[in-house]
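Throughout, read-outs are computed from the coordinates displayed, never taken from laboratory work. What you see is a predicted model; the values in this text were computed from it and never measured. Here the Cβ positions follow ideal geometry from the backbone for every residue, glycine too, while neighbour counts run over all protein chains shown.
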Amino acid sequence: MRTFVSAALLGGTALATPAMAQDSAAAFIGEVAADAPDEATLAARCDGLVAEAERRVRALETETGAATVARTLKAYDDLRALTSFAGAEYYSVSQSADTPEKRQAGIECYTRIEEIDTSLALSRPVYDRLKAIDASGEDEATRYYLAQVLAEYDRGGVGLDHATRARIKALQDEMTAISAEFNANIAKARGSVKALPRELAGLPQDWIEARPPGPDGLVEITTDTPDFLPVISYAQDDALRERLMRVYASRAYPRNSELLGQLFTRRQQLAEILGRPDYASLSFENRMLDTPEKVAAHMAELQAAAAPAAQRDLTELRAALAEIRPGQALSPFNTGIARQHVLKTRYDLDPQAVRQYFTYDNVRQGVFELTQDLFGFEIRPWDTKLWHPDVEAFEIYDDGALLGRFYVDAHPRDGKFKHANHIALRKGIIGESLPVSVLTMNLPKGGYDTGLMEHGEVETFLHEFGHLIHSILGGRQRWSGLSGVATERDFVEAPSQMLEEWVYDYDTLVRFARNEAGETIPRDLVERMNAARYFGQGMTELVQLGYTNASLRFHQGAPQDPSAHGISQAYRAYYNAYAPIEIPETFHQEAAFGHLDGYSAGYYTYGWSRVIAADLFSRFEAAGLRDPETALAYRRLILEPGGSVPAARMIETYLGRPVNAEAFKRQLEKGA
């Protein structure tokens, strides 16, 4: 999940309220470039935003008189709101605009905005003004926020001499440029293979019919998720699966692996300048698990819990493969079809039969209805400008009051961001702005004949929508820095991961899961889905630990060999140390592993958040998935505080005790 915020993505208007402060970021930014005709228009708008941000930096640095919360902290928070609004707008342009030139303009602008943020984070005059504030008479959230801001300045090296701060600034700017190119390369890295129609045996009929052969008689299959996942899961042609997997596993290589070598080297240099042994130690200091040692302990606990289930999974997969492909060793190329065989023979479950009940329109409506029922808000269409015909827009109301707005950009297209994420386009600030979000996903487009969804894609939709409602419900804050998904970085995934539980609930699915004949999903099919749910989870956790290990180890010292080959070789070693099925030397997955940039050393967040999510869900599990009292408590105690309360305290208030891993371990035992 990317953590930019903005007034809107490419459409809509400034969300001013009558009481809005006229000097606020929301008031200044106004309407966004919904219908910008070209990159020059986007660049001109960026120039104005950058100039205003720089003006506000100078004003804060030269402020005189008493430093106060109302004056100094407000000016600082408003400045940060402006840069985050602008950065998100242009980051979103880089993901979703309709031409390469506009997407490049987006990259260039959000890079400029990040450079301003870097300068601000090293400004000794700004730090001195903030440090002089007496907040003793303020509310707890304000005191907490100011303490966080000052601690971030201290961690960033503001107390070092001018020359050292200049070196830090140069390193940060270099890393920003590297990150921008790295992410742009992933978006561009759309590989493909061609196949004879007869090679498509085993794939769903709607999938085949939606991809007719071209003039050469061949079917083009891309590395986009709606193409890739069905082929890897269902195609009976071994050569086709392997051909596509090899292309997929080497996207953006070698250039992005070279960039990672440069990025990891500079991150280590920065950590050493700041007096830390490595970048992991630096980046964990403001998290729930605040040292590499605590992360390593979490990984060891997770590995011990997952290993028995993973071994069971491997045994079953090897037995299944022996039945359908005698003599083949289990590998990344055949795990998918082996899994399908286990599901059919042991669980009497055919995922293609499950697909018949999920189309995009029904799933979207089902997700909306579920969250409305749970949390008591209402979703309505929003009539606003959109940047592509595929995009939809909605508003969220609570007792007739507008809480926030959001866009859904759900389907793949050339040049667009390739995975799924939520972007908090605007953070909610009381009296100044409403929260605005976008979901950027790559789900099948169409109806029963052209675009059935996998059940896992339904889960993805609900997960990302969980981030969105967290951002909007947590968006009534005094300070933009505490608004929305502003908690510790290793808590942000937990609320969304907890919501995934509802896609296995019959009472939820029966409301929207219908086949082409209009029949709702049968109860016995959902029961079989639940029986099969934990098959493979042990292996999945070990795979996730492989990603986590790579994320951590790459940030515990400079790479010995920062070349593309060296980074790729190190990645395979780190990943294979945990993963139950090793990846071959011809795979270069790190080149398209965007979390190595955005999450740096912190990919462990996903595993840690699954532990928290299972514990949070235990209260629903005891009271009932639609229990209104539990849902209201969850909304009030977990979602609405945004970042105004430490995550550990929110969890303890909600559960009545500190978080523990027992509920998560019980889940894993179901698969052992």
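Here are the numbers:
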quantity: The range 116-165: chymotrypsin sites (Phe, Trp or Tyr not before Pro) in DSSP coil with no more than 12 other Cβ atoms inside 10 Å; calculated: none
quantity: The range 342-490 pair-distance distribution - Cα-Cα, 5 Å bins, rounded %; calculated: 2, 9, 17, 20, 19, 14, 9, 5, 3, 2, 1, 0
quantity: Candidates per GluC sites (Glu not before Pro) in the range 546-604, loop by DSSP, up to 10 other Cβ within 10 Å; calculated: 585
quantity: Fully extended contour minus Cα-Cα distance, from residue 626 to residue 517, at 0.36 nm per residue; calculated: 36.4 nm
quantity: Residue 325-residue 220 FRET efficiency (beta carbon distance; Förster radius 22 Å; 0.05 resolution); calculated: 0.25
quantity: Euclidean distance between Cα centres, the range 278-298 to the range 167-242, Å; calculated: 34
quantity: Sites matching trypsin sites (Lys or Arg not before Pro) across the range 228-327 that sit in DSSP coil, with at most 10 neighbouring C-beta atoms within 10 Å; calculated: none
quantity: 0 to 90° range, to nearest 10: angle between helix 360-375 axis and the chain longest Cα axis; calculated: 50
quantity: Rounded if a/c under 1.5, otherwise prolate or oblate - the range 191-248, Cα gyration tensor axes; calculated: rounded
quantity: Contour minus Cα-Cα distance for residue 68 and residue 101 (0.36 nm per residue); calculated: 7.5 nm
quantity: Residue order, fewest to most surrounding Cβ atoms within 10 angstrom, among 608, 382, 502; calculated: 382, 502, 608
quantity: Positive-end residue of 150, 49, 186, charge dipole of the chain with Cβ unit charges; calculated: 150
quantity: Integer Hz, Karplus 6.51/-1.76/1.60 couplings in order for the range 203-208, x for Gly and Pro; calculated: 6, x, 5, 5, 5, 5
quantity: Amide hydrogen neighbours beyond the local backbone of residue 425, cut-off 5 Å, H modeled; calculated: 6, 436, 437, 438
quantity: Distance violations [Cα-Cα > 31 Å] among 344/445; 188/294; 445/670; 294/344; 427/670; calculated: 188/294; 445/670; 294/344; 427/670
quantity: Residue 633-residue 35 pseudo-label distance in nm [points 7 Å out on the Cα-to-Cβ vector]; calculated: 5.1
quantity: Positive-end residue, the chain charge dipole about Cα centroid, Cβ charges, pick of 340, 611, 381; calculated: 611
quantity: Cα shape, the range 120-207, gyration tensor, a/c 1.5 rule; calculated: oblate
quantity: Residue exposure sequence - 77, 38, 278, 290 - by fewest surrounding Cβ within 10 Å; calculated: 38, 290, 278, 77
quantity: Under-5 Å amide H pairs with residue 643, H placed in peptide plane, nonlocal only; calculated: 483, 484, 486
quantity: Within the chain, helix-based [θ] at 222 nm, where runs of 4 or more DSSP H residues each add -39,500 (n - 2.57), nearest 500; calculated: -17000 deg cm²/dmol
quantity: Charge dipole (debye, nearest 20) of the range 191-248; +1 at Cβ of Lys and Arg, -1 at Cβ of Asp and Glu; calculated: 140
quantity: Rounded to 10°, Cα long-axis angle of helix 455-473 versus longest principal axis of the chain; calculated: 20
quantity: Amide H partners (placed H, <5 Å) of residue 447, local residues excluded; calculated: none
quantity: Reachable lysines, given that their alpha-carbon falls under 18 Å from the alpha-carbon of residue 385 and they are not under 8 places away in the same chain; calculated: 102
quantity: At R0 = 25 Å, FRET efficiency that the Cβ-Cβ distance of residue 488 and residue 666 yields, to 0.05; calculated: 0.50
quantity: With Cα atoms, 0 to 90° folded angle of helix 537-553 axis to the chain main axis; calculated: 40
quantity: Student exercise, the chain dipole from Lys, Arg, Asp, Glu Cβ charges, in Debye to nearest 20; calculated: 940
